[in-house]
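Engineer: Could you have a look at this structure, given as structure tokens, before my questions?
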Amino acid sequence: MRKLKELVIERSLLLSALITIAVTVGIVLVLSIEAVNFFSEVSIIDFITDPEWTPLFSDKHFGILPLLSGTLLTSFIAIAFAVPVGLSISIYLSEYAPKSFRRTIKPLLELLAAVPTVVYGFFALMVVTPFLQSFIPGMSSFNSLSAGLVMGIMIIPYISSLSEDALHAVPNSLREAAYGMGSTRLQNSFRVMVPAASSGIIVSIILAISRAIGETMIVAIAAGQQPRLTFDPTVPVETITAYIVQVSLGDVQHDSLEYKTIFAAGITLFVFTFLLNTISYRIRKKFQEKYE
Amino acid sequence: MSKDKKESVIESSIKRKYKLQANDVKVWYGDFMAIKGISMDIKPNKVTAFIGPSGCGKSTFLRLFNRMNDYVDGFKMEGEINIDGSNINDKDINVELLRKQVGMVFQKPNPFPKSIFENVAYGLKIQGLKDKAFLEERVESSLKQVALWNEVKDDLNKSALALSGGQQQRLCIARTLAVEPSIILMDEPTSALDPISTAKIEELIYKLKDKYTIVIVTHNMQQASRISDNTAFFYLGELIEYDKTNKIFTNPEKEQTENYITGRFG
């Protein structure tokens, strides 16, 4: 009887593990099959080099570059904002702040990641954009700067919290060594702690990048839905994710070429996030070896 | 590099007769009284050993001389610590400068996860010294002082973490020597090392006392008797006896000291 119970438990655990794997494999398969269908009709060279993305127009162009530039531009703005802010927060919390303050602030910061992204999207559109427009005349109501900045706020906790964990995990003996040598707090932070925690910090940044690249709601609401190959942050753009939403929710006929474009766009996105995750996995593994 | 800075570093190397002095020092961690009023003079250019059972306050007391307790939660202190007549807890004392004068070697070797060269050059670099030839010369002379130069001279760019424990500890001593402090505090520097590495470090300490005032906390009584000139016995936050090492180990005044060194407790 007991053996049977053990067996049932073991099998059900195995089953849940298999389900997650099956779902992942299924997603990759569907993406790949539909993407292959798409590329049998559209040449992959056009896909990569055509500077226009107009699958829904009568004059169809299938160049991913405008969507990719939209994604990269908003993500870059988000990262450029979130890395310095997030790192400063993590260094402050780990090396300067009193313990009690750290204990209160850290969970509060992590709340930022719990705000629904649709709220962020409207915050960008209704608050940040009008605010930016008062400085930047001629800025469009939909633009990548506002969407990028708000996305930056959203990913701050990814960087601050994970980097703080990494800094906090640096053995106290190194802190003592640094202070014992006559380091100031600043020297201790930047010459000893940050380099010692660098792998963890890099992983946190990569995770934040992949979060930014995959983010949908904020950019769909605040960045506009106009595929445009540009690096001007004041004009409307469209990201890969926003395009997928637009088509999925629109009245495009299933199985049409227009519909298949979302799988081509999806697989492009997948390749990027997959690469980033692989890099962060590698770095984490190297990091573990170093400290064991 | 500014010439002034280089000179100020060199100047600090001129041998000064640093004298450490504690006046009725009391320390609390929260409500716990760790040091219960200790006064003592530590002689320059000698090795002074602090011995006593765990929790007797010897490490806490040692760390007062470079103010390493400042970061400990709930730390509170009364009394005076004077180095060469000036109170190191005065408001206008620059604690970073103090720690350059009073170097410290810790219980567990704690090299930075940087190259051997960067480890030894660290203290000079944070003072703003950038002259490469000067740094190289100082790294070499520091490593030679700890007898590590021959072992690592071809791998100066290798990570310090690749060294053995004993080598790491000698590297940490070299790192401390590179900024030419006057006083070196050692907090059980050999407790994490094997006997051969321990012997090397002891030999090194013996040589260093010509140039430096050394205060060493140790659990190992043979070590205290081998390398120190004076020994202080601490018990439960009090200084029980402080005298010439020879006297402490052969003919102590106090019964508690005798009980401890003969291994009856501790």
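Engineer: Once you order the gyration tensor axes a ≥ b ≥ c over the Cα atoms, which shape class does the protein assembly as shown get: rounded for a/c under 1.5, otherwise prolate or oblate by comparing a/b with b/c?
Structural biologist: Working: a/c = 2.70, a/b = 2.34, b/c = 1.15.
Prolate shape, in that a/c is at least 1.5 and a/b is the bigger ratio.
Engineer: GNM, chain B, Cα, under 10 Å: largest mean-square fluctuation among B:242, B:212, B:71?
Structural biologist: Greatest mean-square fluctuation among the candidates belongs to B:71.
Engineer: What do you get for the angle between helix B:132-145 and the principal long axis of chain B? Use alpha-carbon atoms, 0 to 90 degrees, nearest ten.
Structural biologist: On a 0 to 90 degree scale, this one is about 40.
Engineer: Net charge within 11 Å of residue A:260 by Cβ-Cβ distance, Lys/Arg positive one each and Asp/Glu negative one each, not counting residue A:260 itself? Let's see the in-between values first.
Structural biologist: Working: positive: none; negative: A:34, A:41, A:255, A:258.
Spelling it out: positives minus negatives among the neighbours equals -4.
Engineer: Sticking with this structure for a sec: Need the C-alpha centroid separation for region B:217-259 versus region A:117-183, integer Å.
Structural biologist: 57
Engineer: Continuing with this model, one more query. Against the longest principal axis of chain B, how steep is helix B:195-208, in degrees 0 to 90 to the nearest 10, with axes from Cα atoms?
Structural biologist: 80
Engineer: Order of A:31, B:64 from fewest to most other C-beta atoms within 10 Å? Can you show the working numbers first?
Structural biologist: On the way: A:31 19, B:64 23.
Least crowded to most crowded, the residues run A:31, B:64.
Engineer: For peptide B:101-113, compute the average count of partner chain beta-carbon atoms within 10 Å of each residue's beta-carbon. The partial results should precede the final answer.
Structural biologist: Working: counts 1, 2, 3, 6, 2, 4, 2, 4, 2, 9, 3, 8, 10.
That works out to 4 on average.
Engineer: Could I ask something else about it? Suppose every Lys and Arg Cβ carries +1 and every Asp and Glu Cβ carries -1, with no other charges. What dipole size does the protein assembly as shown come out with about its Cα centre, to the nearest 20 debye?
Structural biologist: Once rounded to the nearest 20, the dipole reads 1700 debye.
Engineer: According to the square roots a ≥ b ≥ c of the eigenvalues of the Cα gyration tensor, what is the shape class of region A:1-120, taking rounded for a/c under 1.5, prolate for a/b larger than b/c otherwise, and oblate for the remainder? Don't skip to the answer; put the middle values down first.
Structural biologist: On the way: a/c = 3.50, a/b = 1.14, b/c = 3.06.
Since a/c reaches 1.5 but b/c is at least a/b, the shape of region A:1-120 is classed as oblate.
Engineer: Over region A:65-291, one equal point on each Cα, no solvent: what is log10 I(q)/I(0) by the Debye formula at q = 0.12, 0.14, 0.17 Å⁻¹?
Structural biologist: Values returned for q = 0.12, 0.14, 0.17 Å⁻¹ are -0.72, -0.90, -1.15.
Engineer: If you don't mind, there's one more thing I want to ask. Given the options A:116, A:171, A:130, which has the most mean-square fluctuation in a GNM of chain A, springs set between C-alpha atoms less than 10 angstrom apart?
Structural biologist: Sorting by GNM fluctuation, first place goes to A:171.
Engineer: Given the DSSP H assignment, sum -39500 (n - 2.57) over each helix run of at least 4 residues in chain A and divide by its residue total; what's the result at 222 nm in deg cm²/dmol, nearest 500? Don't skip to the answer; put the middle values down first.
Structural biologist: Details: 12 runs with 201 residues, N = 292.
Taking each H run of at least 4 residues, the total per residue is -23000 deg cm²/dmol.
Engineer: Let me ask you something else. Could you compute the longest span of chain B free of trypsin sites (Lys or Arg not before Pro) located in DSSP loops and having at most 14 other Cβ atoms within 10 Å, not counting the site residues?
Structural biologist: Working: sites that count: B:15, B:16, B:17, B:91, B:130, B:153, B:158, B:254, B:264.
Value returned for the longest uninterrupted segment is B:159-253.
Engineer: Exceeding 27 Å between C-alpha atoms, which entries from my cross-link table qualify? They are B:58/B:153; B:76/B:211; B:132/B:158; B:19/B:58; A:286/B:108; B:100/B:200. Intermediate results must be reported in sequence, preceding the final value.
Structural biologist: Numbers: B:58/B:153 36 Å; B:76/B:211 33 Å; B:132/B:158 18 Å; B:19/B:58 18 Å; A:286/B:108 24 Å; B:100/B:200 25 Å.
Correct reply: B:58/B:153; B:76/B:211.
Engineer: What does the helix-only formula give at 222 nm for chain B: each DSSP H stretch with n ≥ 4 adding -39500 (n - 2.57), the total divided by the residues, and the result rounded to the nearest 500 deg cm²/dmol?
Structural biologist: Working: 11 runs with 98 residues, N = 266.
-10500 deg cm²/dmol, from helical runs alone.
Engineer: Please sort through the DSSP H helices of chain A and keep those with an alpha-carbon extent of at least 30 Å along the long axis and a Kyte-Doolittle average not below 1.0.
Structural biologist: Numbers: long enough: A:2-41 (58 Å, 1.24); A:65-91 (37 Å, 1.91); A:144-169 (36 Å, 1.10); A:257-291 (51 Å, 0.24).
What comes out of the filter, once short or polar helices are dropped, is A:2-41, A:65-91, A:144-169.
Engineer: What does the charge dipole of chain A about its Cα centre add up to, to the nearest 20 debye, if the Cβ of each Lys and Arg holds +1 and the Cβ of each Asp and Glu holds -1? Please report the intermediate quantities before stating the final value.
Structural biologist: On the way: 20 positive and 21 negative charges, 324 e Å.
In total the dipole reaches around 1560 debye.
Engineer: Now for a different question. Checking the cross-link filter: which aspartates and glutamates have an alpha carbon closer than 13 Å to that of residue B:125, excluding same-chain neighbours under 8 positions apart?
Structural biologist: B:136
Engineer: Give the residue list of chymotrypsin sites (Phe, Trp or Tyr not before Pro) in region A:100-198 that are DSSP loop and have at most 14 other beta-carbon atoms within 10 angstrom.
Structural biologist: Values: sites: A:101, A:120, A:122, A:123, A:131, A:135, A:142, A:158, A:179, A:190; in loops: A:135, A:142.
When the chymotrypsin sites (Phe, Trp or Tyr not before Pro) of region A:100-198 are filtered for loop state and at most 14 Cβ neighbours within 10 Å, A:135 remain.
Engineer: What order do you get for B:186, A:1, A:181 when you list them from fewest to most C-beta neighbours inside 10 Å? The partial results should precede the final answer.
Structural biologist: Values: B:186 27, A:1 5, A:181 30.
Ranked by crowding around the Cβ, least crowded first: A:1, B:186, A:181.
Engineer: To continue, here is another question. Mind sorting B:172, B:56 by how few other Cβ atoms lie within 10 Å of their own Cβ, fewest first? The partial results should precede the final answer.
Structural biologist: Numbers: B:172 28, B:56 23.
Least to most surrounded, the residues fall as B:56, B:172.
Engineer: With angles folded into 0 to 90 degrees, how steeply does helix B:3-12 sit against the dominant principal axis of chain B? Use alpha carbons for both and round to 10.
Structural biologist: 30
Engineer: Which whole-number percent gives the relative contact order of chain B, counting Cα pairs below 8 Å spaced six or more residues apart? Don't skip to the end; give the middle numbers.
Structural biologist: Working: 491 pairs, mean separation 73.0, N = 266.
After rounding, I find 27 percent.
Engineer: Using alpha carbon centroids, what distance separates region B:119-184 and region B:66-80, in Å?
Structural biologist: That distance is 29 Å.
Engineer: Another question, then. Picking from A:56, A:167, A:276, which is most flexible by a Gaussian network model of chain A using Cα springs under 10 Å?
Structural biologist: Sorting by GNM fluctuation, first place goes to A:56.
Engineer: Further, regarding this structure: Hey, can you grab everything whose amide H is under 5 Å from the amide H of residue B:239? Only 5+ residues off in sequence or another chain; H modelled, so Pro and N-termini drop out.
Structural biologist: Residues meeting the criterion, in which the H sits 1.01 Å from N, do not exist here.
Read the figures in this text as sums done on the coordinates, not as results from a lab. Quantities reported herein were computed from a predicted structural model and do not represent experimental measurements. Using ideal geometry, Cβ is built from the backbone for each residue, glycine included, and neighbour counts are taken over all protein chains shown.
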